[in-house]
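The values are calculated or read from the model by the stated rules, or taken from the named source; none is laboratory data. Here the structure is a predicted model, which means the values were calculated and not measured. Counting neighbours? That spans all protein chains shown, and the Cβs are built from the backbone with ideal geometry, glycine included. Side chains are part of the model used for accessible areas, which takes the heavy atoms of the whole protein and leaves out ligands, DNA and RNA. Shrake-Rupley method; radii C 1.70, N 1.55, O 1.52, S 1.80 Å.
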Amino acid sequence: MALAPPIKVALGSIAFGIFWILAVFPAVPFLPIGRTAGSLLGAMLMVIFRVISPEDAYAAIDLPILGLLFGTMVVSVFLERADMFKYLGKLLAWKSRGGKDLLFRVCLVSAFSSALFTNDTVCVVLTEFILKIAKQNDMPAQPFLLALASSANIGSAATPIGNPQNLVIAVQSGITFGQFLKGLFGAMIVGVLVNACMLMGYFWKVLSVVKKDIEVASTVPSEVVADDEVISHRFSPATMSHLTSRGSQELEAAVEAVIQTTSASAGLGGIGDISFRSRRYNSESEIQTASPESKEAHADGAAVRTNASIVSVELIASRRYVRSLSNRQREVMRDDLSIADDREFLGERWKMICWKVAVYLVTLGMLVALLMGLNMSWTALTAALVLVVIDFKDARPCLEKQVSYSLLIFFCGMFITVDGFNKTGIPSTLWDWVEPYSKINSASGVALFSVVVLILSNIASNVPTVLLLGARVAASAAEISPAEEMRAWLILAWVSTVAGNLSLLGSAANLIVCEQARRAQYFGYNLSFFSHLRFGVPSTIVVTAVGLLLVTLVPT
């Protein structure tokens with residue numbers, strides 16, 4: 001593709017430059033509008049400057065990636081509710097020997113998970129959890145966030161379903177899942193280990209500082225209990241024998257049993273239980289009075305107050321009746337109440353176990369479908385919808401809890417801006433200039449080709465880079481031999497994926513980690529562009545070089 005007219009090249013470069021500055025510096029003094037608005041501004045300028053038409057701008061939005069991201073966000077909410085993170089936390093903290101050991105485990109878990117669930121999915125699911133476990137162990141969040149993002153990118157290079165650019169390469173090249181895994185799995189393993197060693201060396205002093213009164217191995221996410229869970233948890237008086245005397249326990253149990261019987265006969269349901277155990281009439285009446293349906297609320301409140309007064313009168317009579325009972329009769333009433341509480345507890349426990357099993361089965365089914373090569377976006381959306389249906393509740397709280405709509409909008413603007421920049425012809429012209437010197441049958445050609453892919457992947461994003469260079473690289477390598485053609489596709493997959501670790505804008509996984517960490521409710525952390533760049537540059541260069549040695553040596 002030749003260069004566009006000079007005016008189009010200049011205006012497209014200006015629009016892309018504004019997008020890039022606002023994405024790197026979201027609070028830049030002269031225009032502190034943030035990343036999301038910055039991406040929309042860049043996209044709008046591309047359309048206003050007529051670098052890209054409105055129809056092409058809509059077509060540039062990659063809906064499969066957005067659908068995959070949205071679906072995995074919803075699935076992550078249900079996995080969190082099903083205590084998957086608690087079990088993963090036990091795995092990470094099991095017999096842990098300190099910060100370095102914990103960092104190494106984060107690298108391995110995120111890398112292998114990304115190869116199966118895609119790097120975007122893993123970063124969405126694990127970011128806030130990594131912040132929690134770092135806070136619990138009194139360690140800085142930055143090393144673990146970098147470990148998550150960088151290892152997720154490296155691990156995703158091993159399979160065609162690890163990231164979007166690998167999926168494009170697998171479709172265009174016809175490389176099977178087994179061939180992909182054979183060609184890049186070794187490079188992925190070595191790359192993850194090298195990256196982990198560099199992380200530990202870079203943060204050696206920070207990870208060596210351990211608070212004396214905190215033991216990493218004994219602290220797991222299961223010990224974190226939300227405040228609302230503590231407040232809402234209720235204990236039955238019949239099961240708290242260590243807090244009350246025998247006589248008072250019998251009396252309270254008997255009175256509660258009588259109240260339950262009286263309330264049921266009066267058609268009041270659990271009013272006796274509410275008034276005796278948690279005494280929440282006032283709060284419920286206030287909520288009902290404050291609801292929009294004022295007439296019905298006042299009527300319901302009056303009915304509750306009337307019923308409550310009836311129960312209070314019957315409560316006095318019930319207490320007199322209990323005093324007249326023999327010790328044996330009181331014991332029988334207490335045992336009946338204890339059995340009823342145990343049955344209720346077991347019933348709720350089995351319901352929760354069945355629901356967790358259903359969530360895990362749906363997630364496993366999504367994984368199997370992805371391994372079978374089904375459409376990743378629709379698979380994730382289907383799994384999310386199935387989980388919403390089996391939850392049998394209003395889905396609005398679930399969708400509002402962890403779905404970052406600002407991040408989805410950011411990607412929409414980025415797709416349009418990058419596509420407009422590609423239409424200026426600058427990336428294509430760069431490749432036409434270096435193509436004669438980047439033959440992959442020589443070490444210098446592989447090195448030059450890798451540098452070009454690294455630069456373009458961080459300027460124009462890795463997916464557009466693959467779409468732009470894939471067919472040309474394959475055609476150039478096919479002139480040598482069919483084996484070299486496959487090797488060219490694998491080199492493109494490896495370099496374009498690992499290139500995502502160079503800067504914060506290098507891959508969607510990095511942006512997800514950054515935004516999710518910033519939005520974390522209790523453990524928020526701002527991973528800045530330069531803090532990522534200081535580690536990303538040396539890590540990307542070393543890991544890319546080591547992986548290229550293995551990819552070029554492994555027979556295809």
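Relative contact order of region 393-491: 19 percent, from C-alpha pairs under 8 Å at least 6 residues apart in sequence.
Classify region 141-191 from the C-alpha gyration tensor, please: rounded if a/c falls under 1.5, else prolate or oblate depending on whether a/b exceeds b/c. Oblate, because a/c is 1.5 or more while a/b does not exceed b/c.
The figure for residue 439 is an accessible area of roughly 70 square angstrom, using a 1.4 Å probe on the protein chains alone. Ranking 148, 91, 553 from most to least accessible surface, computed with a 1.4 Å probe over the protein chains only, gives 553, 91, 148.
Taking Lys and Arg as +1 and Asp and Glu as -1, the other residues whose beta-carbon sits under 14 Å from that of residue 477 total -1.
Based on protein heavy atoms only, region 406-556 ends up with 36 Å² per residue of surface accessible to a 1.4 Å probe. Within the assembled protein chains, the solvent-accessible surface assigned to residue 348 is about 110 Å², based on a 1.4 Å probe. Extents of region 83-135, taken as max minus min of Cα coordinates on every principal axis and listed largest first, are 29, 19, 16 Å.
The packing ranking, built from the mean of other Cβ atoms within 10 Å per residue, places the peptides 11-24, 501-514 in the order 501-514, 11-24, highest first.
Across 353, 48, the residue with the most accessible area heads the list, and the full order at a 1.4 Å probe is 48, 353. Treating only the Cβ atoms of Lys and Arg (+1) and Asp and Glu (-1) as charged, compute the dipole magnitude of region 1-143 about its Cα centre; round to the nearest 20 debye. The dipole magnitude comes to about 540 debye.
Counting only protein heavy atoms and a probe of 1.4 Å, the accessible surface of region 368-454 is 70% carbon and sulfur. For the set 190, 463, 389, 51, the ranking by accessible area, highest first and with no ligand, DNA or RNA atoms included, is 389, 190, 463, 51 under a 1.4 Å probe. Between the DSSP loop rule and a limit of at most 11 other Cβ atoms within 10 Å, which trypsin sites (Lys or Arg not before Pro) in region 354-438 are left? Passing both the DSSP loop test and the Cβ count: 393. Across region 100-105, coupling constants 3J(HN,Hα) worked out from phi with the 6.51/-1.76/1.60 Karplus curve, θ = phi - 60°, read 5, 5, 5, 5, 5, 5 Hz, and Gly and Pro carry x.
Between the listed residues 371, 384, 450, the Cα displaced farthest toward the positive end of the dipole of region 368-487, a dipole computed from Cβ unit charges relative to the Cα centre, is found at 384.
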